[in-house]
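What follows is a single structure, written as structure tokens, with notes after it.
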Amino acid sequence: MQQPITGYHRDEEEHWVAELACGHNQHVRHDPPWQNRPWVVSESGRAEMLGYFLNCKKCDQGAPRDNEAAPPDRDVGRHDQNRSDEVQDK
């Protein structure tokens, strides 16, 4: 199910995690050549992707919401429901 990105936080290994409107979290790594997401490495890049839709496999599986509270360094910004992109999910 397609869900928009509403914010970000880092996991315990310092990888970026997108927070989706459905309440699930999804890693968004830039790890070329396997994952090519250069936008994730800068604050402005992450801000530009707010509102973009990712395929949430947890929604498709009927998984419960992720309960992890976002750490204080969480990136948030404007939320634009009309934006979409073909961003690969992990």
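The values are calculated or read from the model by the stated rules, or taken from the named source; none is laboratory data. These numbers come from a predicted model, not from an experiment. With ideal geometry, Cβ positions are generated from the backbone for all residues, glycine too; neighbour counts draw on all protein chains shown.
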Given the condition touching a Ser or Thr at 6+ places or on another chain (Cβ under 6 Å), at pLDDT 95 or above and not in a loop (DSSP other than H, G, I, E, B), answer yes or no: does some residue in the stretch 49-62 qualify? yes
Anything in the stretch 50-67 that is more than 10 Å from Gly23 (Cα to Cα), surrounded by fewer than 13 Cβ atoms within 10 Å (Cβ to Cβ) and not charged (D, E, K, R)? List them, or say none. Gln61, Gly62
Tell me the residue from Val76, Val87 that is surrounded by 15 or more Cβ atoms within 10 Å (Cβ to Cβ), of a type in the set (Val, Ile, Thr), modelled with pLDDT under 95 and touching a strand residue (DSSP E or B) at 6+ places or on another chain (Cβ under 7 Å), please. Val87
Check Trp39 against each of (1) assigned to a strand (DSSP E or B); (2) touching an Asp or Glu at 6+ places or on another chain (Cβ under 7 Å) and name the one condition it does not meet. (1)
In the stretch 23-40, anything under 23 Å from Gly62 (Cα atoms) and crowded, with 19+ Cβ neighbours inside 10 Å is listed as His24, Asn25, Gln26, Val28
Kindly indicate whether any position in the stretch 20-34 is under 17 Å from Asp66 (Cα atoms) and β-branched (Val, Ile, Thr). yes
Kindly provide the set of residues from the stretch 1-15 that are within 19 Å of Ser44 (Cα to Cα) and either crowded, with 18+ Cβ neighbours inside 10 Å or in contact with a Cys (Cβ under 8 Å, 6 or more places away or on another chain) (or both), ordered by number. Pro4, Ile5, Gly7, Tyr8, His9
